[in-house]
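Asker: Sharing a structure below in C-alpha cells format, with a few things to ask.
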Amino acid sequence: MISSEVYARRRAGFLDELRRRGSCVALLPSAPVSNRSNDVDYEFRQDSDFHYLTGFDEPGSFALFAPDHPEHEFVLFVRPRDSEREVWDGYRSGIEGAIRDHAAGMAFEASALESVFSRYAERRSILVAPIGRSASFDSLLTGIVARFRQQGRLGIPGPATLTDLAPILHEMRVRKSEEELAELRLAAEIGSAAHVRAMEIARPGMWEHEIESEIEHVFRKRGAFGPSYPSIVGSGANSCVLHYNSNGRRIEAGDMVLVDAGCEVEFYASDITRTWPIDGRFSREQREVYEICLDAQKAAISVVQPGRRFVEPHEAALQVLVEGMIRIGLLKDSPESAIEKESYKPFSMHRTSHWLGLDVHDVGDYKHGEEWRPLEPGMVITVEPGIYVRESPEVEPRWWNIGVRIEDDIVITGTGGSILTDGAPKEVSQIESLVGRACR
C-alpha cells in the first residue's frame, strides 16, 4: 500500500520540477468515466498521472499545483457529496474528504474550476497540463489560455503559454521507489502463480477462455485488482496473433498455447508471457523454436545492466533469434544481411522491451535526443523476444502455427537485473513436468 507520505513526497518533487521551469501552474484531470453500453459504464480506473500525485481515485476531479502560492500549493476540485447518487454509485469524498484524507491544501467542487483557477494562475506565465489525451480537456485548456491572453492586453498577467506535462512528470515516473518496487514484486508474484496454475490445469480439449478464467481467478483470489490488460490465451494459429484476446477457440492436441497475462496490484502492473504445448510435451519443431526464443531472452537479460543502453537487450536478443531462424531454415540470409534488411520481421516483428510500472507500457522516453538512454537502478523493463510462424507457402508446413513469446519483468539494480517473475517456470524440463499436472 502506497502511504500518504509517499504521495506527499511525489508532490513535493513535482512542485520542485515546476519551479525549475519558471513561473508555472499545473492542472491535471482525472480519468473520464467510459460508457460500455446504454446506461452501463466500464469499471473506473484512475488516470495514472493523477493517481501518482494525489492517490485520489474518484472521477470528475482535477488537481491543481501552484508552486509557492501563499495559501495552497496543492488544490483538488472534486464531485460534491450527494446522498442520492451515493446510494447508486458509492461513497464520495467531497471537499472535506479531499482535504482530510488526501492532504489537499484546499478543495472546491469541480464545477468551480474555471471561476477559481485564476486565483492560483495569476502572475504565472506557463500552464502545464497533459495535452492531446482528451478533446474536452484540450478545449478547456485552450479556453483558459485564450482568456488569460485577452486579460494580458488589459494588464492582468496570467499563463499565456501551454506546456505538456509529460516531459516533467513522466521522467519522475521512470525510476521506481522502494514502495513502488514492493507493489511490482507482489504483482509479479501473483502473476507468476497464475501462470503456474494455467500450466497445471491444461489439457487438450479445453477452451482458451477456461485457461483465462483460471488465471484471473488466481489474480483476484490472491488480492490483485484484476488483469492489468486483457489476458491473451492464444492456441494454434492464434499463438501467432500478437494482441489476440478473443480466447474463444478449443485447444486441440498438438497445439502450442501462448499465454500473455499480468495483474494489477495497487495500480502497479505485471506483464508475463509463457508458451507451452497443451499435451505437456514439445514436438521437435516446437522445442527448436522455443529454445531459440529462450536463448534469445537469456542473452537479452544478460545485458540488462546499469549503464547499458535501453536498446542493447533487444540487439542481443535479435542476434540470437536471427541466427536460430537461419539454423532451422526460416531465413536464408546471413545474420548480418537479415538484420540489415530486416528479413526476420515476418517472424519476429516487435521490440524486446518496454517500461513497466503504473501502466503496462509505462511512460518515459527511451531516447535522449538521438541516443538510446542508459539503464539506471530503479527502472523496470520487460524482456520478451518472440517468434511467430504463420501458415505460408514460403515455410515448410511442419513449422506452421508455432508462436512463442517468453516475457519477464526485470528491475535494474546497482549490480544488474533482478527478475521479478522468476516464479513462472520457463525451462523445457520445468514446463514438461508442470503442464497437465493437476489432471494427472
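Asker: Rounded to the nearest 20 Debye, what is the dipole magnitude of the range 1-83 about its Cα centre when Lys and Arg each give +1 and Asp and Glu each give -1 at the C-beta? Show your work: numbers first, answer last.
Answerer: On the way: 10 positive and 14 negative charges, 50 e Å.
Computed about the Cα centre, the dipole is about 240 debye.
Asker: Among 308-320, 28-40, what's the highest-first ranking by average C-beta atoms within 10 angstrom per residue?
Answerer: Details: 308-320: 20.6, 28-40: 13.4.
Going by the mean number of other Cβ atoms within 10 Å, highest first, we get 308-320, 28-40.
Asker: Kirkwood hydrodynamic radius for the range 345-440: how many Å is it when counted over pairs of different Cα atoms? Numbers along the way, then the final one.
Answerer: Working: mean 1/r = 0.0614 Å⁻¹.
About 16.3 Å for the range 345-440.
Asker: A further question follows. Among THR163, ILE215, TYR388, whose Cα lies farthest out toward the positive end of the dipole of the chain, if unit charges sit on the beta carbon of Lys, Arg (+1) and Asp, Glu (-1)?
Answerer: Checked the options; the winner is THR163.
Asker: Give me the percent relative contact order of the range 194-307, please, defined on Cα pairs under 8 angstrom at least 6 residues apart. Walk me through the numbers on the way to the answer.
Answerer: Values: 181 pairs, mean separation 27.2, N = 114.
Normalised by residue count, the contact order of the range 194-307 is 24 percent.
Asker: Now a separate question. Exposure proxy check: SER83, SER231, SER118 ranked by fewest other beta carbons within 10 Å? Can you show the working numbers first?
Answerer: Details: SER83 7, SER231 24, SER118 16.
So the ranking, lowest neighbour count to highest, is SER83, SER118, SER231.
Asker: Given the range 4-173, report the % of alpha carbon pairs whose separation exceeds 19 Å. Each step should come with its number before you reach the end.
Answerer: Working: 8120 of 14365 pairs.
That tail contains 57 percent of the Cα-Cα pairs.
Asker: At q = 0.08, 0.09, 0.11 Å⁻¹, what log₁₀ I(q)/I(0) does the range 175-434 have when each alpha carbon counts as one equal point scatterer in the Debye sum?
Answerer: Result of the Debye calculation: -0.30, -0.38, -0.57.
Asker: Each residue of the range 260-271 in turn: what ³J(HN,Hα) in whole Hz from Karplus with 6.51, -1.76, 1.60 and θ = phi - 60°, glycine and Pro shown as x?
Answerer: Once rounded to whole Hz, the list reads 10, 8, x, 10, 10, 10, 6, 6, 9, 9, 10, 8.
Asker: Can you compute 3J(HN,Hα) from phi for each residue in the range 226-231, using the Karplus curve 6.51 cos²θ - 1.76 cosθ + 1.60 with θ = phi - 60°, rounded to whole Hz and x for Gly and Pro?
Answerer: Whole-Hz 3J(HN,Hα) from phi for the range 226-231: x, x, 8, 6, x, 5.
Asker: Three principal axis extents, largest first, for the C-alpha atoms of the chain, in Å?
Answerer: So the extents along the principal axes, rounded to whole Å, are 77, 52, 40.
Asker: How many percent of Cα pairs in the range 247-398 exceed 21 Å? Mind showing how you got there, number by number?
Answerer: Numbers: 6014 of 11476 pairs.
When every Cα pair of the range 247-398 is considered, 52 percent fall beyond 21 Å.
Asker: Can you compute the equivalent ellipsoid semi-axes for the range 141-211, i.e. the square root of 5 times each eigenvalue of the Cα gyration tensor, sorted largest first and rounded to whole Å? Let's see the in-between values first.
Answerer: Values: eigenvalues 568, 69, 10 Å².
Semi-axis lengths for the range 141-211 are 53, 19, 7 Å.
Asker: Now for a different question. What per residue convex hull volume, in Å³, do the alpha-carbon atoms of the range 160-303 yield?
Answerer: On the way: hull volume 22.1 nm³, N = 144.
Normalising the Cα hull of the range 160-303 by residue number yields 153 Å³.
Asker: For the range 280-324, state the average projected area of the convex hull of the C-alpha atoms over all orientations, rounded to one decimal in nm². Numbers along the way, then the final one.
Answerer: Working: hull surface 13.9 nm².
With every direction weighted equally, the projected area is 3.5 nm².
Asker: Would you work out which of THR142, MET106, PRO306 lies farthest towards the positive end of the dipole of the chain? Charges go on Cβ: Lys and Arg +1, Asp and Glu -1.
Answerer: Result: THR142.
Asker: Can you list the residues, at least 5 places off or on another chain, whose amide H is less than 5 Å from the amide H of VAL128, using H built in the peptide plane?
Answerer: Excluding prolines and chain starts, which carry no amide H, the hits are VAL25, ALA26, LEU27, THR163.
Asker: Could I have the simple spin-label model distance between SER246 and ASP101, label points 7 Å from Cα toward Cβ, reported in nm to one decimal?
Answerer: 4.3
Asker: Enumerate the helices in the chain for which the Kyte-Doolittle hydropathy averages 0.0 or more and the C-alpha atoms extend at least 15 Å along the helix's axis, using complete DSSP H runs. All intermediate terms of the calculation are to be shown ahead of the outcome.
Answerer: Working: long enough: 4-20 (24 Å, -1.02); 135-152 (25 Å, 0.16); 178-201 (35 Å, 0.12); 208-221 (20 Å, -1.22); 284-302 (27 Å, -0.58); 312-327 (23 Å, 0.14).
Membrane-span-like by this rule: 135-152, 178-201, 312-327.
Asker: What is the magnitude of the charge dipole of the chain about its Cα centre, with +1 placed on the Cβ of each Lys and Arg, -1 on the Cβ of each Asp and Glu, and no other charges, expressed in debye to the nearest 20? Working shown, then result.
Answerer: Details: 51 positive and 70 negative charges, 101 e Å.
Charge dipole of the chain: 480 debye, to the nearest 20.
Where a number appears in this text, it was derived from the coordinates with a stated rule and is not lab data. This one's a predicted model, so the numbers in the text were calculated from it and none came from an experiment. Backbone-built Cβ (ideal geometry, glycine too); neighbour counts: all protein chains shown.
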